[in-house]
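Written below as structure tokens is the structure these notes are about.
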């Protein structure tokens, strides 16, 4: 367990965000070399220095994952620097908070470009190296990958698309000893809610109201790390559990109203 990731190359997209930072730290503490992909060069440099202070080998790569050519160029640089890719974590993502009728079509395109096609681009670029290393792909989904979320139609659609893609890809890659894991956290303390899009594409200024507390990103990262050691296929973490999944599958109308009430600040839970 201690040596599984020692001197292995872990590529993490959205590495400077809350979840990306937590994953970089956790896999780095296990001895992995961290290839960080993000849009902000200054944040990458600052975080790289932070990781190096903890004796974690890391390198940052500025890349827009919605641009396929940029992604392939970036992975060529990663392979030149580290010689292998042993784990790809498709972590980068954005969300929105707006009713379907009030959401501009460009918001749908933007969310799908980042959440879905960003993962497609990175996975395609990493695939030859992952097959060579018999590595794995971890893709961050969400509870919205299998449950409705209030005012999140574009976000939910992108997560459902990820499940369709990576569940199929798992079957293709199993004979090549490449593992594919989907991770479905609940409400996690990351930057994604603070950077949510309005229906017109602008950034939401008002904080999201939640009933209960969000799970720390470090706790979610620990669960992901443990699951990666077991090369699991699906991980439900945080405040998403088997009860939520059963409710969503067999009582979708009730669960939809339950989630809508919690996200709008109305207490539908008797507790």
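Listed values, structure above:
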{"quantity": "Any hit, segment 39-58, residues being within 18 Å of residue 4 (Cα to Cα), touching a helix residue (DSSP H, G or I) at 6+ places or on another chain (Cβ under 7 Å), at pLDDT 95 or above and surrounded by 18 or more Cβ atoms within 10 Å (Cβ to Cβ)", "calculated": "yes"}
{"quantity": "The lone exception for residue 225 - which of (1) in contact with a strand residue (DSSP E or B) (Cβ under 9 Å, 6 or more places away or on another chain); (2) buried (at least 16 other Cβ atoms within 10 Å of the Cβ); (3) within 23 Å of residue 120 (Cα to Cα); (4) at pLDDT 90 or above it fails", "calculated": "(1)"}
{"quantity": "Candidates 97, 26 - the one that is surrounded by 15 or more Cβ atoms within 10 Å (Cβ to Cβ), closer than 21 Å to residue 142 by Cβ, more than 16 Å from the chain's Cα centre (by Cα) and in contact (Cβ under 8 Å) with a residue 40 or more places away in the chain", "calculated": "97"}
{"quantity": "Residue check, residue 33 modelled with pLDDT of 95 or more, surrounded by 15 or more Cβ atoms within 10 Å (Cβ to Cβ) and under 17 Å from residue 140 (Cβ atoms)", "calculated": "no"}
{"quantity": "Test: residue in segment 165-179 that is within 18 Å of residue 119 (Cβ to Cβ), at pLDDT 90 or above, touching a helix residue (DSSP H, G or I) at 6+ places or on another chain (Cβ under 6 Å) and not in a helix (DSSP H, G or I)", "calculated": "yes"}
{"quantity": "Residue within segment 135-148 that is part of a strand (DSSP E or B), modelled with pLDDT of 95 or more and more than 13 Å from the chain's Cα centre (by Cα) present", "calculated": "yes"}
{"quantity": "Meets criteria (farther than 18 Å from residue 228 by Cα, buried (at least 23 other Cβ atoms within 10 Å of the Cβ) and modelled with pLDDT of 90 or more) for residue 125", "calculated": "yes"}
{"quantity": "Residue match in segment 74-87 (condition: crowded, with 17+ Cβ neighbours inside 10 Å, touching a strand residue (DSSP E or B) at 6+ places or on another chain (Cβ under 6 Å), assigned to a strand (DSSP E or B) and at pLDDT 95 or above)", "calculated": "yes"}
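The values are calculated or read from the model by the stated rules, or taken from the named source; none is laboratory data. What you see is a predicted model; the values in this text were computed from it and never measured. Heads up, the Cβs are rebuilt from the backbone with ideal geometry, glycines too, and the neighbour counts pull from every protein chain shown.
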